[in-house]
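What follows is one structure encoded as C-alpha cells, with my remarks underneath.
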Amino acid sequence: MIRVLPWLIVLVAWLYGMVDCVMSDRQAVRGGISKTAWFLISVLPAVGTALWFIFGRPRGTTPPRTGRNQSRHPVAPDDDPDFLRGL
C-alpha cells in the first residue's frame, strides 16, 4: 500500500489540476498563454500540474469591500424585520 500512495497522490493532484484548469475563468488565467494551452500543458501528470498551480492558476480574489454607510442585509429570516412583519 505504501508503494501506491505516491501514485495516488499524483493522480489526485493531476485530476484536481485538470478540473481546476477547466473551471477557471478565461480572463483570470495567468502566465501569458491561453486556457487551452494550459489545459494541454496540464495533461502531463506531474510536471504540467505543477506548472499550472505555480504559474497559470488564477490568484484568489477577495470580495469587493462594501462602504461603511451601506446597510447590511440580514443573515437569517428571524433577523429580517420585513419577514417578521409579515408573520
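The values are calculated or read from the model by the stated rules, or taken from the named source; none is laboratory data. In this text the structure is predicted, and so the values were computed from the model without any measurement. Counting neighbours? That spans all protein chains shown, and the Cβs are built from the backbone with ideal geometry, glycine included.
Exactly one residue among Trp7, Trp14 is at pLDDT 90 or above, in contact with a Ser or Thr (Cβ under 7 Å, 6 or more places away or on another chain) and part of a helix (DSSP H, G or I), and that residue is Trp14. Of all residues in segment 28-54, those being out of contact with any helix residue (DSSP H, G or I) (no Cβ under 7 Å at 6 or more places or on another chain) and either of a type in the set (Gly, Ala, Ser) or more than 13 Å from Val10 (Cα to Cα) (or both) number 9. Figure legend. Inter-residue proximity from segment 24-40: first residues on the phi < 0 side of the Ramachandran plot and polar (S, T, N, Q), second residues surrounded by 11 or more Cβ atoms within 10 Å (Cβ to Cβ) and in a loop (DSSP other than H, G, I, E, B), beta-carbon distance below 9 Å, spacing 6+ or different chains. Indicated pairs: Ser24/Arg57; Ser24/Pro58; Gln27/Pro58.
Looking across Arg59, Arg68, one residue alone is modelled with pLDDT under 85 and more than 30 Å from Ile9 (Cα to Cα). It is Arg68. Has segment 23-36 got any residue that is of a type outside the set (A, V, I, L, M), exposed (fewer than 12 other Cβ atoms within 10 Å of the Cβ) and modelled with pLDDT under 80? Within segment 23-36, none of the residues are of a type outside the set (A, V, I, L, M), exposed (fewer than 12 other Cβ atoms within 10 Å of the Cβ) and modelled with pLDDT under 80.
Checking each residue in segment 17-56 for being assigned to a loop (DSSP other than H, G, I, E, B) and of a type in the set (S, T, N, Q) picks out Ser24, Ser34, Ser42.
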